[in-house]
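Down below is the structure, laid out as structure tokens.
The values are calculated or read from the model by the stated rules, or taken from the named source; none is laboratory data. Fair warning: this is a prediction, and the values are worked out from it, not measured in the lab. Glycine also receives a Cβ, built like all others from the backbone with ideal geometry; neighbour counts cover every protein chain displayed. Each accessible area value is taken on the protein alone, full model and side chains, heavy atoms only, with ligands, DNA and RNA left out. Shrake-Rupley method; radii C 1.70, N 1.55, O 1.52, S 1.80 Å.
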Amino acid sequence: SPANIRKFLDEVIFGKPHHSLSPRAESLLVEYLELALKRYKDHTDKPYYMGNQLNDVKAPTYLIVGDGDILLPFEKSVRNARKHLGEAIQDVVVFENVRHGIECYPPAMEYIDRGLSGQVENWIERK
């Protein structure tokens, strides 16, 4: 139901009041998720531990996580990144009171824009 979707978004994805969308964006997201859930048929591969593949990553990597993510706890993400990405890790940023929806958290987007603009070009030039 839309009420359950809103509760999930509020408690798991965004963690209001620290992180939220505009009312219009939230309404569209709830509508989309309701439609997607009603029509979803699972024919996907399931997630698996990617440690061996992560060991091969050489590109500069920036890990941006939220300390309130209950789907992917940040401590485990940071530990696995450091274990498998090694020297590829350039920075780890943990945002307080941010849950799983970090990709649309304005300070995270600002960090990416401010901190990483030019980094990709520098890396490409070094290759």
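Just a few scattered comments:
- Packing order of peptides 74-80, 14-20, highest average first: 14-20, 74-80 (average count of other Cβ atoms within 10 Å over each peptide's residues).
- Pairwise label distance in nanometres, Cys104 with Ala25, each label 7 Å out on the Cα-Cβ vector: 0.6 nm
- Full-extension gain in nm, Asp91 to Val12, via 0.36 nm per residue minus C-alpha separation: 25.9 nm
- Among the helices of the chain, none built from whole DSSP H runs has Cα atoms reaching 18 Å or more along its own axis together with a mean Kyte-Doolittle hydropathy of at least 1.0.
- Within straight-line reach of Lys58, meaning a Cα separation under 19 Å, sit the following aspartates and glutamates at least 8 residues removed in sequence or on another chain: Glu87, Asp91, Glu121, Glu125.
- Approximating the spin labels as points 7 Å out from Cα along Cα→Cβ, the Asn80-to-Val57 distance works out to 1.0 nm.
- Potential lengthening between Arg114 and Glu34 on full extension [0.36 nm per residue; Cα-Cα distance subtracted]: 25.3 nm
- A straight Cα-to-Cα reach below 19 Å connects Lys41 with the aspartates and glutamates Glu31, residues fewer than 8 places away in its own chain not being considered.
- Per residue, the chain exposes an accessible area of 73 Å² to a 1.4 Å probe, with every protein chain left in place.
- In the chain the Cα-Cα distances spread across 10 Å bins starting at 0 as 11, 31, 34, 21, 3, 0 percent of all pairs.
- Distance violations [Cα-Cα > 28 Å] among Lys7/Lys38; Lys7/Lys76; Lys16/Lys38; Lys38/Lys76; Lys16/Lys76: Lys38/Lys76
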